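The values are calculated or read from the model by the stated rules, or taken from the named source; none is laboratory data. Small disclaimer: the values here were computed from a predicted structure and weren't measured. Cβ atoms come from the backbone with ideal geometry, glycine included; neighbour counts cover every protein chain shown. Heads up: the accessible areas ignore ligands, DNA and RNA and are worked out on the full protein's heavy atoms, side chains in. Shrake-Rupley method; radii C 1.70, N 1.55, O 1.52, S 1.80 Å.
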Amino acid sequence: MSIPERDKLLKPYDDELFEYDYSEQIYVPKVEAILEYAGINLLKDWTTVENAQSYLSLLARVVNETIYSFKDPKYVMHMKYYLAHSKKARIELFKIYSDSAWYNRRDGGFMMAYNSGANLNQGKMIEFGIDKALSPIAKQIVLNSYLGTRFLPIDINDKERFDDLDSLLDYLVANDYITSLQADSINTLENLPYDMSYNVMVEPDGKYLFIDLYTFKKATAKLRMYDPVNGTW
Amino acid sequence: MNIYMKEGNEYMGLYVEGYNKFSLYSTPNQFSMNFMNPFHPMVTMVVSIDFPVLPNFEDDTWKDIPVFTLKDFLGYCQPFEPLLEDEDSFLYNAFLLYRALAINNIQYGNIKDVINWRYLVAMYIGHYMDIHVENLKDIDNRFSLNQSPREQKYKVEELRMLSDNEFMSTPYGRLFWDKYRVFGSLVFKGTRKQRGRY
């Protein structure tokens, strides 16, 4: 277990708050959810649901990219994985989306500056920077959670614990890491065959800790890929 | 160094080799000599080093090392608590590795006191975890293909201390070295060998 079991999602899902955009790998808030929880009727501004939803897609992209800007670029993909598989991150994201929807609805919010380069509050042209994408409160929500750290402080590798070597070997055989023939000749951890896909460590209480080092690789292998032949995802 | 050659008989029988006693009967020439003259007094001679007294490698008084868990570490190094909440935390693997290194390098037999030993092991791990976290953050983009800042600021006293001793580079390293140098100075280093993990 890496992302705590109580927090982990096997895959991102759609509900009354979000729908998951598989092409960009981000959660996009729904128009009704923003109306219900943030009290903003986007239909007044955008007249149709499609227009409002497109606006929210753009908003979601800006919010997500701003969150990634806090990260070391090496860890952005890990962060994407975490955002898609954590219940807690889902809640934090919706708070930030709601706040950003408020922030951007005001005249001169970042969307206006984004589109025109003009800040109507100050009546002058401003340079649009990433620091203006989120409101001060939304930025603080990011910083108060793990979303704002440079390194994602969640180990996303799957882990298993075993009381003794025999049960560890049974697990390795059952999951095709080693064959049962190899398992028969293994007496200590040192005899385990070299394999980059997992690691086994002994804990202070003598238990064996198995770490699946390919957790992330396996997850990204299941990503929806663009099929250039059929033009589908 | 005072070296005395004594006759083994004074020990009321055969002496135990090792510690500070070494036999003269250990080379092929001596074996041949003994073969030709089994009653030669050299057969029972022993070299005994009275000073300095070498550590007795056969002594297993301190062989059973105390338990050192994550709880012991967090007790001394509390700032790591949010990063190492439990065994599923992202730094736990690194903790296990540095713990093994610390137990291997700070031998309990040299400290001979459980409280000081735990403190030293915690500080040693804290020192390396500090560097580990710093490297993970990688503020200077050192381990990245992105552009890294050209200018870096150093304090003169930091550079001086760094060149002296690696442990001086972190707060926990300084605390470790401050105490360990007392114990370390008492460890006889002449012929002492790392005995591997206890």
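Quick one: which of A:Val49, A:Val63 is open to solvent by 50 Å² or more (accessible area, probe 1.4 Å) and hydrophobic (A, V, I, L, M, F, W, C)?
Details: A:Val63 fails: open to solvent by 50 Å² or more (accessible area, probe 1.4 Å).
Checking each option against the conditions leaves just A:Val49.
I'd like to check which helices (runs of 4 or more DSSP H) are fully inside the range B:77-173 and have at least 2 residues that are closer than 26 Å to B:Phe183 by Cα and among the small types (Gly, Ala, Ser). Working first, answer last.
Values: elements: B:92-105, B:108-111, B:114-137, B:156-164.
Counting at least 2 such residues, we get B:92-105, B:114-137.
Quick one: in the range A:180-203, of everything that is under 15 Å from B:Thr69 (Cα atoms) and open to solvent by less than 40 Å² (accessible area, probe 1.4 Å), which residue is farthest from the other protein chains (Cβ to nearest Cβ)?
Restricting attention to the range A:180-203, the residues satisfying the condition of being under 15 Å from B:Thr69 (Cα atoms) are A:201-203.
Next, from what is left, pick out any that are open to solvent by less than 40 Å² (accessible area, probe 1.4 Å): A:201, A:203.
Values: A:Met201: 5, A:Glu203: 7 Å.
Checking each candidate, the answer is A:Glu203.
In the range A:70-106, how many are of a type in the set (A, V, I, L, M, F, W, C), within 14 Å of chain B (Cβ to nearest Cβ) and crowded, with 20+ Cβ neighbours inside 10 Å?
Residues meeting the conditions: 1.
Kindly indicate whether A:Phe210 is within 25 Å of A:Arg6 (Cβ to Cβ), touching a Phe, Trp or Tyr at 6+ places or on another chain (Cβ under 9 Å) and more than 11 Å from chain B (Cβ to nearest Cβ).
Details: within 25 Å of A:Arg6 (Cβ to Cβ): yes; touching a Phe, Trp or Tyr at 6+ places or on another chain (Cβ under 9 Å): yes; more than 11 Å from chain B (Cβ to nearest Cβ): yes.
So A:Phe210 fits the description; yes.
When residues of the range B:136-181 are filtered for being open to solvent by 70 Å² or more (accessible area, probe 1.4 Å), at pLDDT below 85 and away from chain A (no Cβ under 14 Å), how many remain?
Residues flagged as open to solvent by 70 Å² or more (accessible area, probe 1.4 Å), at pLDDT below 85 and away from chain A (no Cβ under 14 Å) within the range B:136-181 amount to 15.
Of all residues in the range B:48-72, which are surrounded by 11 or more Cβ atoms within 10 Å (Cβ to Cβ), over 30 Å from B:Glu87 (Cα atoms) and at pLDDT 70 or above?
Matches in the range B:48-72: B:Ser48, B:Ile49, B:Asp50.
Could you count how many residues in the range A:23-61 are part of a loop (DSSP other than H, G, I, E, B) and either small (Gly, Ala, Ser) or in contact with a Ser or Thr (Cβ under 7 Å, 6 or more places away or on another chain) (or both)? Give the derivation first.
In the first step, residues of the range A:23-61 are kept if they are part of a loop (DSSP other than H, G, I, E, B); the result is A:23-25, A:30, A:39-41, A:47-48.
Adding the requirement that they be either small (Gly, Ala, Ser) or in contact with a Ser or Thr (Cβ under 7 Å, 6 or more places away or on another chain) (or both) leaves A:23, A:39.
Count: 2.
If the Cβ limit is 8 Å and pairs must be 6+ apart or interchain, which residue in the range B:93-113 that is in the same structural domain as B:Phe167 (by TED's automatic domain parsing) pairs with which residue that is of a type in the set (D, E, K, R) and modelled with pLDDT under 95?
The qualifying pairs are B:Asn93/A:Asp155; B:Leu96/A:Glu203; B:Ala100/B:Arg197; B:Ile103/B:Arg197; B:Asn104/B:Arg197; B:Gln107/B:Arg195; B:Gly109/B:Asp59; B:Gly109/B:Lys63.
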